[in-house]
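Here, each number is a calculation from the coordinates, and none is a lab measurement. Since this is a predicted model, take the numbers as computed values, not measurements. Counting neighbours? That spans all protein chains shown, and the Cβs are built from the backbone with ideal geometry, glycine included.
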Amino acid sequence: MADNSLAKTIYLKDYQPPAFLVESLKLHFSLDQERTLVTNTMQLKRAPKVTNNPPLRLDGRQLELLRVTLDGNLLDSGRYSVDPEGLVIENLPTKFTLEIVTAVNPKSNTSLEGLYASGSMLCTQCEAHGFSRITYFLDRPDILTCFTTTIEAPQKKYPVLLSNGNLINKGTLAGDRHFAIWQDPFKKPAYLFALVAGRLTTLEDSFITMSGREVTIHFHVEEQNRDKCNHAITALKKAMRWDEEEYGREYDLDLYQVVAVDDFNFGAMENKGLNIFNSKYVLAQPESATDSDYEAIEGVIAHEYLHNWTGNRITCRDWFQLSLKEGLTVFRDQQYGAQAYPGGGRRIREVRRLRNFQFPEDAGPLAHPVQPKEYVEINNFYTTTVYEKGAEIIHMLQILLGKEGFKKGMQIYFDRHDGQAVTIEDLLNAMSDANDYDLGQFRRWYDQAGTPTLAITQSWHAQTSEFILSIIQNCSPTPGQTEKQPLHLPLAIALLNSDGNEQAATLAGELVPDSPGSRVLEIKDKKAEFRFQGWGCKPVVSLLRGFSAPVQITSNYDKKELAFLVAHDRDPFSRWEAIQKLALNKILNLMKDPEGSETDKLFIETFGILVKKKWSAAEADGASELLILPDEIYIGEQLNEIDPQAISKTRQTLRKTLAQRWQQELEALYNEHQSPAPYEPLPAEMAQRRLKNIALNYLAALGLKGPGLDLCRQQYLKADNLTDRLAALSGLLEIITAEELPELDEFYLRGKNNPLLKDRWFALQAAAQHPNTAQRVEELTRHPDFKRSNPNRVRALLGTFAAANQSAFHQPDGFGYQLLSREITTLDSSNPMVAARLAGSLSRWRRFSSPFSTLMREELEKLAALPQRSRDLREIIDKSLVTSQNDKLKKI
Ligand code: 0A1
Ligand code: ZN
C-alpha cells in the first residue's frame, strides 16, 4: 500500500533538539512471515534542558498496536492517541519505562523498508525511517541508545538469527523454536538497527586489528552463493587495513557481519556490525560478475565498512546532514579505490558519472543543495548530489588544506565528536580549527545548488612575455535560488612549454618560482586574473587537473592546443578532457551540418594516433577512456535544446566513421590486448580487457559487413568470464536483432538459477542500440521473469531503458514515456522508493526539443492526476511540473 499520508514539508530551520532521551532499549521479536510480534521496552527520560512537561510523540507507521504499558501499568487507550504517523502520550514523569507491543506483517511489506521478507529470509532496512515501521520509537538520528535484541523464531525456517553487536545468549525453546540475544555495546540511532533471520550459510574469516585484537568476520549468504564471497571478504579486510593506515581508525566490535539479500532498494546498508547488502554488491564469480562488478563490490564493501567511523561512531544530527556521512564516506571510498585501482581511468569514470547524472540533476527541477534545506520525503534525497557532489566538496577541502592539513582536520573531527550526532558545520569547524583556515565562503558549496561554470579566457602578451588567465565564475539559477554567490574553489593547473614539459608557473610578483608541475589557483571572487611571467612563447595550459572542482569549464583553446594536450598532458583527467573537447566539437559541428560538409580531420587523426599507440598494461585503463566518445547525456547538456535522436544518430555516425577509418588499427588493438586465461579480476588485466572490448565495440559499429560479427561470435564462444561474454553479446545485439540471436537464448539459460545473471539478460536488451529496443522492452515487461517486486530486476529493465538508452527511451511518438509511466503507476503502490526514482527520468522534460518535451510532460501530468500517489512520487512529480521563475530565464 502506498503511504498516502499528507505531504508536509520538513525544514532544516525547524530543527529542535529532542525533548526526551532514550537511556536503553530492549527489543523482543517473535518472528513470523505474516505476523511478527515486537515488544519494545524503553527507558526514557525528559531531556535535561526541558523545563515544561511536553507530550511524548513516538514515530510509528503501519503498525498494529496491541498494548502500551507505563512503568508496569497497562495504559487504557484513552491515555494516548494514535495517528497514521505515530503515538502521543501526555503527562509523563521525568523518568519512566514504556513497554509497547505491536504486530507487523513482513510478507506484505513490499516497500522494502522496515521488516520485510526477501525470498525465505526476513530482514530489515531502517535508514532513513524504516525503524518506525517496526515499532513506535523516537525515529530520529540524534536519539542514540544501546540496543539489546532478542529474536525468537521457528528453528527450521529461521536457523540463523542475527542482529547488531555481540551474540550474548542463544538456546532452544519449546515447539521447535529457538532464540538469540544480541547486545550492541555502542550507542546508535535507530536507523542503524538491523535484524536478519533465515536459512543461511556462514563463511568465516578473521582480521587482526592494528592493536592486535582479533575480529571475526561472518558472511551469511544462501547456500548456492557460498562460493561467491571470496572477493568481497578480501576487499573487506583490505578496507579495514586501509582505514587503519590512512586515518588510524580501528574496527571496534569483535564481530563484523555481512548478509546478502536479493531484494534491496539501494546498494547496501552500513548497520552497525551487521551490514546488509544487495547481493549484486557482494556475490562475484567470473561467470556472473563483470570486471566493473568486481570493482563496484570492492567500492561498496569499502563504503559500508568506512561508514563505521564516518556515519556510525559519528552520526548525523538530522537528515539535512546526510552528506556529512555520505559525501565524506564516498570521498573515503574513492580514496581507497584510487590506491586499489591505480590506472588513470578510475578518476575519469568518477567524473563521467558526475557529469552524466549529477550535473543534469543540478541543472533540473530536482536540483537541491548538498545540504538540502527542506524535504517532503527524505528517501528522495539519497541523490548523486548529496553523495557524489558531497564527495567532491571533501576532495576540494583536501586540495585547499593539503593532504596533511586535511588529515589533521579529520583527526580533530574524530577526537571531538566520537559518539555524537553532529552537523556539517561541526566537520567544517574541525577542518578550519586544525588548519587555522577560514572556510566561511567555502561553506556555500553546501548551501547553493547548481554547477558553477568557469569561463576562462587565455591571453598571450608577447611584448611582456606574459600569459594571462582571466576567469569569470557563474552559476545559473536553480529552483528557489535565483541569486548565486561566488564560490571558493581550487583550480589546479599546469603550464606546458612547446616540448610538452611542465614548466614553473610563476605568478607576477612572485619572488620564488613555484616548482614545476601542477599549482593550485584559489578562486574566490566572481572575477579573477592570474598573470604568469617569464615565457618565451605562449604556453599551453592544462586546466582543472585531477578534476579539482565540480565545475564546468569553457576556455578559448585552439583545437591544435587540445591535440597537443592529448599528446603531452601527464594529468589523466586533463588529457581526457582535451580529447573529449575535440570530440564534442566534432559532434556539435556534425549536428549543425548533417549534410556532411564538415570535414575537419583533427579529431579523427588524433583518435588514430591513440589507437595506434602501443599501450602498456599500466596505461591501458586511462587509454580506454580516451577512446570513448562523449556520452550522449553529456552531449545533450551542452545544447540549448536536447534532441536525443539527433545526438544518438550523430554519435553513432562518428563512431562508424572512426571504425571505418581505423579498422585495421582497431583490429590490431583488439588482438594485442587479448586477456590471458584463466580470468582473474586484477586491475591490470581488467584494464586490458576494457581496451580490447572498446576496440570490439567500434568494430561492431561496422555492422554485418565488418569484422565485428565474427569477432563477437568467436569471443562469445571462447569467453571464460562475464565481461568478455557481455561485450560480445552487446556487439551482436547491435548487428542482429534479439529474435535472431541464438547467443541471447544461450545466455538466458546460463542465468536460469542466477538472478544476477538474469538481470544482465534484461539489461542487455534494454541497452541495445537497436531501432526496436523500445518494443522489446515492452515485451519484456510481460516476461514471466520480470518480477516487479525485485528492485534489481526493475532497474535492469526499466532503469537501463529510461536512464541509459537515450535513443530507445526518447521515441518521437512517446511510446517509451508511456511505457515508463504505466510501470511507475503500478510500482508506486508496492515500492514508492523505486517508483519515484524511475520518475526522475521524466523530470527534465523542459530541456528537450519538441515533440519530446510535450510528450514527457503529458506523462508527468497523468502521474500527477493519479488518485493515490505515494509521498515519494508526489514530491518528484510535483517538483518536475512546477512552473518556477526559472522557466522564464534562458534555458541552461
Ligand atoms: N546508507 C546507505 C544507503 C542506503 C540508504 C537508504 C536505504 O534505504 C532507504 C538503503 C541504503 C549507504 O550509503 O550505503
Ligand atoms: Zn553511504
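Which Cα, out of Thr310, Val376, Gly337, lies furthest along the positive dipole direction of segment 306-376 (beta carbon charges, K/R +1, D/E -1)?
Checked the options; the winner is Gly337.
What are the extents of the Cα atoms of segment 105-171 along their three principal axes, in Å, largest first?
Taking the Cα atoms of segment 105-171, the three principal extents are 37, 31, 15 Å.
Report, in debye and to the nearest 20, how large the dipole of the chain comes out about its Cα centre when Lys and Arg carry +1 and Asp and Glu carry -1 on their Cβ. Mind showing how you got there, number by number?
On the way: 104 positive and 116 negative charges, 153 e Å.
Computed about the Cα centre, the dipole is about 740 debye.
Using a cut-off of 16 Å between alpha-carbon atoms, which lysines can reach Lys649, once sequence neighbours fewer than 8 places away in the same chain are excluded?
Filter leaves Lys586, Lys592.
From zero outward in steps of 5 Å, how is the percent of C-alpha pairs of segment 298-423 spread across the bins?
Reading upward from the zero bin: 2, 11, 18, 23, 22, 15, 8, 2, 0.
At q = 0.14, 0.26, 0.28 Å⁻¹, work out log10 I(q)/I(0) for segment 11-85 with the Debye formula, treating every Cα as an identical point scatterer and leaving solvent out; two decimals please.
Log10 of I(q)/I(0), two decimals: -0.62, -1.49, -1.50.
Which listed residue (Thr854, Ser476, Thr110) has the Cα farthest towards the positive end of the charge dipole for the chain, taking +1 on Lys and Arg C-beta and -1 on Asp and Glu C-beta about the Cα centre?
Thr854
Given the convex hull over the Cα atoms of segment 223-378, what projected area results after averaging over all orientations, in nm²?
10.6 nm²
Nothing charged except the Cβ atoms of Lys and Arg (+1) and of Asp and Glu (-1): what's the magnitude of the dipole of segment 273-370 about its Cα centre? Round to the nearest 20 debye.
Values: 11 positive and 12 negative charges, 60 e Å.
Here segment 273-370 has a charge dipole of around 280 debye.
Using only Cα positions of segment 510-633, each an equal point scatterer, no hydration layer, compute I(q)/I(0) via Debye at q = 0.13, 0.14 Å⁻¹ and quote the log10 values to two decimals.
With one equal scatterer per Cα and no solvent, log10 I(q)/I(0) is -0.65, -0.75.
Do the alpha carbons of any pairs in Lys45/Lys188; Lys325/Lys408; Lys325/Lys389; Lys238/Lys389; Lys107/Lys787; Lys187/Lys403 sit beyond 24 Å of each other, and which pairs? Working shown, then result.
Values: Lys45/Lys188 17 Å; Lys325/Lys408 18 Å; Lys325/Lys389 13 Å; Lys238/Lys389 26 Å; Lys107/Lys787 16 Å; Lys187/Lys403 31 Å.
Distance filter (> 24 Å) returns Lys238/Lys389; Lys187/Lys403.
Relative contact order for segment 96-227: what is it in percent, counting Cα pairs under 8 Å that are at least 6 residues apart?
Values: 251 pairs, mean separation 29.0, N = 132.
Once normalised by length, the contact order is 22 percent.
Sorted from largest down, give the three principal axis spans of the alpha carbons of segment 437-550, whole angstrom values.
Cα spread of segment 437-550 along its principal axes, largest to smallest: 49, 27, 24 Å.
Ordered by packing density, taken as the mean number of other Cβ atoms within 10 Å over each peptide's residues, highest first, how do 395-407, 203-215 rank? If you can, show how the numbers build up before the last one.
Numbers: 395-407: 17.8, 203-215: 12.9.
Answer by packing, highest mean first, reads 395-407, 203-215.
Using only alpha carbon pairs under 8 Å that are at least six residues apart, calculate the relative contact order of the chain and give it in whole percent.
Normalised by residue count, the contact order of the chain is 9 percent.
Angle, helix 722-735 long axis vs. longest principal axis of the chain, Cα atoms, 0 to 90°, nearest 10?
60 degrees
Calculate the all-directions average of the projected area of segment 781-881's alpha-carbon convex hull, and give it in nm².
5.9 nm²
Grab the alpha carbons of the chain, take their convex hull, and tell me the volume per residue in Å³.
Working: hull volume 152.3 nm³, N = 892.
Dividing the Cα hull volume of the chain by its residue count gives 171 Å³.
Per-residue counts of other Cβ atoms within 10 Å, averaged by peptide: what ranking do you get for 818-827, 488-497, highest first?
488-497, 818-827
Based on Cα coordinates alone, diagonalise the gyration tensor for segment 361-417, multiply each eigenvalue by 5, take square roots, and list the semi-axes in whole Å, largest first.
Output for segment 361-417: semi-axes of 28, 14, 7 Å.
Calculate I(q)/I(0) for segment 353-394 by the Debye formula, one identical point scatterer on each C-alpha and no solvent, and give its log10 at q = 0.19, 0.29, 0.34, 0.35 Å⁻¹ to two decimals.
Here log10 of I(q) over I(0) equals -0.50, -1.11, -1.33, -1.35.
If the cut-off is 19 Å between C-alpha atoms, which lysines fall inside it for Lys526, apart from same-chain ones fewer than 8 positions away?
Lys484
Scaled to the compact-protein estimate 2.2 N^0.38 Å, what is the alpha-carbon radius of gyration of segment 37-149, rounded to two decimal places? Could the numbers behind the result be given before it?
On the way: Rg = 14.7 Å, N = 113, 2.2 N^0.38 = 13.3 Å.
Ratio of Rg to 2.2 N^0.38 Å for segment 37-149: 1.10.
Which order do peptides 832-844, 83-95 fall in by mean Cβ count within 10 Å, highest first?
Most protected by this proxy first, the peptides run 832-844, 83-95.
Working from the alpha-carbon coordinates of segment 682-803, get Rg over Rh, Rh being the Kirkwood radius.
0.97
How big is the shadow of the Cα convex hull of segment 761-820, averaged over all directions, in nm²?
Computed as one quarter of the Cα hull surface, the answer is 3.6 nm².
Taking the alpha carbon gyration tensor of segment 278-348, what are the square roots of 5 times its eigenvalues, largest first, to the nearest whole Å?
Values for segment 278-348, descending: 25, 15, 9 Å.
Only Lys, Arg, Asp and Glu count, each charged at its Cβ (+1, +1, -1, -1), so figure out the dipole size of segment 215-280 about its Cα centre, rounded to 20 debye.
My answer is approximately 160 debye.
Taking 32 Å as the cut-off for C-alpha to C-alpha distance, list the pairs among Lys581/Lys613; Lys280/Lys692; Lys559/Lys612; Lys95/Lys407 that go past it.
Over 32 Å apart, Cα to Cα: Lys95/Lys407.
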